[in-house]
Amino acid sequence: MLGRISYLLPTELSEALSRLPASVMDGLEEIRIRENRPLEVWTGGGSAFVTPGGKLQNSPDGAIKPSADMCRRLLERMTNHSVYAMEEELRRGYITVEGGHRIGLAGRTVLEDGKVRSIRDIGGFNVRIARDAAGVSLPVLPMLIDRYRQTISSTLIIGAPRQGKTTFIRDLARAVSYGRWRLPHAEGWPGRKVGIVDERSEIAACVRGVPTFDVGPRTDVMDACPKAEGMMMMIRSMSPEVLVVDEIGRDEDVEAIREAARAGVAVIATAHAGSWQEAAARPAIRRLLQDNAFARGVVLRRTKDGLASRVIDLEHSAAASSASAAGAPTRTAGHSPAAPREPTSWPAAGDMNAR
């Protein structure tokens, strides 16, 4: 696993990490490098500090401490020795490197007219290792199907950070593009044209415009493009039947998703939230739920056994809310699309260690 990003790391850090047990390497998710502070790694089992000999410990005492020179070399390799050429990425606070690995940055911000223009004096790096998990969404996919249109329903996927949302929607995009519907009566349904707007280059991990992950044979990718603008560009130029976007939540995202719905395009989107109630409390998400922009909701949660998912039928919740407002009897009175009733079970969606 380390081989995917070892070319970026200073030799001292790469050698220490290469001594980690194979089980740790297989589950490695984040490498947190802080100047003159203990080297930390995160796996599915939590965090630990790394000694120069490659041992893991809960105490920071005796852990390797990356020097200023190591951090300088890491930054140079990340930016291909041209920090100024990466100014837009620095403004956003992260750099995505080949393979879809995202490196978060912490340091002193440079402001211009009250807004962040860049980051300098960078002393903290969070290397998030991208993983693929083919088939992880397939147990859930049959519950997301629009049988009338023979495609996937517009679906909002939520979860806290590091719960596997990006990996999950990549796998959904791939399944829809191939036409792997996982339903007996869907035999012979065609795959659908998928458009991925990959603002952070993590879903498809494009290199010079070409995806390095398998995202399906009928999939087009708009790489490193703001979500709202990219969705409009896709609708105008590539005629997608399904749009896939990661981490929505801004006002412009709402308008773009509304436009996609008016154009008859299904949208698969993710949002950061630890629960459905937290998601519905976000103004932009709440507006989309009130607009019935999504027919299904999925809540993802990591467990010691892998990924668990909870599927919510938002169409049913919306219908129940309308019936209640009209005075018709309903068992779900008082629930709205913004606060639907959730199932009590957590069916497994598959095994994965991914963000």
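The values are calculated or read from the model by the stated rules, or taken from the named source; none is laboratory data. Owing to the predicted nature of the structure, the values given are computational and were not obtained by experimental measurement. Counting neighbours? That spans all protein chains shown, and the Cβs are built from the backbone with ideal geometry, glycine included. Quick note on the areas: whole protein, heavy atoms, side chains included, nothing else; ligands and nucleic acids left out. Shrake-Rupley method; radii C 1.70, N 1.55, O 1.52, S 1.80 Å.
Brief remarks follow.
- Single condition residue 90 does not satisfy, out of (1) among the hydrophobic types (A, V, I, L, M, F, W, C); (2) modelled with pLDDT of 85 or more; (3) in contact with a strand residue (DSSP E or B) (Cβ under 7 Å, 6 or more places away or on another chain): (2)
- Residue 194 meets the conditions (1) crowded, with 23+ Cβ neighbours inside 10 Å; (2) touching a residue at least 60 places away in the same chain (Cβ under 8 Å); (3) under 16 Å from residue 267 (Cα atoms); (4) not polar (S, T, N, Q) in every case but one. The failed one is (2).
- Test set (1) touching a residue at least 24 places away in the same chain (Cβ under 8 Å); (2) crowded, with 17+ Cβ neighbours inside 10 Å; (3) more than 28 Å from residue 224 (Cβ to Cβ) - residue 40 fails condition number: (1)
- Filter pass, residue 171 being at pLDDT 95 or above, surrounded by fewer than 24 Cβ atoms within 10 Å (Cβ to Cβ) and within 17 Å of the chain's Cα centre (by Cα): no
- Remark: pairs (first residue in the stretch 283-301, modelled with pLDDT under 95 and assigned to a strand (DSSP E or B); second residue surrounded by fewer than 20 Cβ atoms within 10 Å (Cβ to Cβ) and not hydroxyl-bearing (Ser, Thr, Tyr); Cβ separation under 7 Å; 6+ apart in sequence or on different chains) = 301/308; 301/346.
- Residue in the stretch 20-31 that is open to solvent by less than 30 Å² (accessible area, probe 1.4 Å), out of contact with any Leu (no Cβ under 9 Å at 6 or more places or on another chain) and not charged (D, E, K, R) present: yes
- Pairs, first within 17 Å of residue 25 (Cβ to Cβ) in the stretch 52-63, second of a type in the set (Ser, Thr, Tyr) and open to solvent by 60 Å² or more (accessible area, probe 1.4 Å), C-beta under 9 Å, six or more apart: 54/18
- Residue match in the stretch 148-155 (condition: open to solvent by 10 Å² or more (accessible area, probe 1.4 Å) and over 26 Å from residue 232 (Cβ atoms)): yes
- Residue in the stretch 238-247 that is surrounded by fewer than 16 Cβ atoms within 10 Å (Cβ to Cβ), without any contact (Cβ under 8 Å) to a residue 24 or more places away in the chain and either part of a loop (DSSP other than H, G, I, E, B) or among the polar types (S, T, N, Q) (or both) present: no
- Candidate set: the stretch 211-223, residues that are under 18 Å from residue 240 (Cα atoms) and of a type in the set (A, V, I, L, M, F, W, C); chosen: the one least open to solvent (accessible area, probe 1.4 Å): 215
- Complete set of residues in the stretch 110-124 that are farther than 16 Å from residue 85 by Cβ, hydrophobic (A, V, I, L, M, F, W, C) and touching a residue at least 12 places away in the same chain (Cβ under 8 Å): 116
- Residue tally, condition of a type in the set (D, E, K, R) and under 21 Å from residue 206 (Cα atoms), over the stretch 77-120: 8
- Scanning the stretch 245-279 for residues that are of a type in the set (A, V, I, L, M), out of contact with any Gly (no Cβ under 7 Å at 6 or more places or on another chain) and under 18 Å from residue 309 (Cβ atoms) returns 268, 269, 273, 279.
- Flag if residue 100 is open to solvent by less than 20 Å² (accessible area, probe 1.4 Å), out of contact with any strand residue (DSSP E or B) (no Cβ under 7 Å at 6 or more places or on another chain), closer than 23 Å to residue 31 by Cβ and touching a residue at least 40 places away in the same chain (Cβ under 8 Å): yes
- Highlighted here are the helices (runs of 4 or more DSSP H) found entirely within the stretch 7-93 that include at least 1 residues which are closer than 17 Å to residue 119 by Cα: 68-78, 87-92.
- For residue 35, the conditions (1) within 28 Å of the chain's Cα centre (by Cα); (2) open to solvent by less than 60 Å² (accessible area, probe 1.4 Å) are fulfilled apart from (2).
- The stretch 103-131, subset closer than 19 Å to residue 162 by Cβ and open to solvent by 30 Å² or more (accessible area, probe 1.4 Å), residue modelled with the lowest pLDDT: 128
- Condition met for residue 229 (farther than 13 Å from residue 240 by Cα and modelled with pLDDT of 95 or more): yes
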